[in-house]
Amino acid sequence: MARKLPKPLARRDILYGVDTPPDILIQRGTQYLEAGLVFDAVEFFARAGHRPGLAEMREAALEMGDAFLLRKVQEAAPDLVGAADWQTLAARAKELGKDTYAERAAAGGTPPPPPLQEEAKIEEVAAPAEGEGAAPAAGGTPSPGAPGAPGAHGKARKSEIQGG
């Protein structure tokens, strides 16, 4: 019978505790792996510097087509993951219909850059709308953020309270 996994706070204390010996980290990593919790397992193996466990996580990432998991392995042991692994993962992810992981793997594990926005949209966001931030007409209510308007959330500014 498998041992019961620790509760989240106990897990945190074991994983990030300064006095946790590597053999305990490896034991817990193995428990999480046996329970099918590969992302927890890779954290324990990485913290322990357990190369056999990380190599097993590398194989799991390639089989699952999981770029995130392979990236975690690469962060812990850069020499365990090469360009060929990313190409293998890209093909497997594509095969499994994991298009985002396939794209990321094809780029060597780095996320693609965000799409560029049109200049007009950027200028539209950056420029205030007509009348925004301007002083109110005589007798009108100032728009939020304009001089003389109440501060954030309707609170008066200190200068308004002091009459200055």
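General observations
- Among residues of the range 18-43 that are more than 25 Å from Gly65 (Cβ to Cβ), those with a Cβ under 6 angstrom from a residue that is not in a helix (DSSP H, G or I), sequence gap 6+ or separate chain, pair up as Ile26/His50.
- Some residue of the range 42-58 being in a helix (DSSP H, G or I), closer than 18 Å to Gly108 by Cβ and touching a helix residue (DSSP H, G or I) at 6+ places or on another chain (Cβ under 9 Å): yes
- Residues that are closer than 16 Å to Tyr32 by Cβ and not aliphatic (A, V, I, L, M), drawn from the range 69-99: Lys72
- Every residue from the range 92-109 that is more than 8 Å from Gly65 (Cα to Cα) and assigned to a loop (DSSP other than H, G, I, E, B): Gly97, Ala107, Gly108, Gly109
- Filtering the range 16-72 to residues that are of a type in the set (Gly, Ala, Ser), surrounded by 15 or more Cβ atoms within 10 Å (Cβ to Cβ) and over 27 Å from Ala93 (Cα atoms) leaves only Ala48.
- Contact annotation: residue pairs with Cβ atoms under 8 Å, 6 or more positions apart or on different chains, pairing a residue in the range 69-89 that is farther than 14 Å from Gly53 by Cβ with a partner that is of a type in the set (Phe, Trp, Tyr) and assigned to a helix (DSSP H, G or I), are Leu70/Trp86; Leu89/Tyr101.
Here, each number is a calculation from the coordinates, and none is a lab measurement. Nothing here was measured: the structure is a model prediction, and the numbers come from that model. All Cβ positions, even for glycine, are placed from backbone atoms using ideal geometry, and neighbour counts span all protein chains on display.
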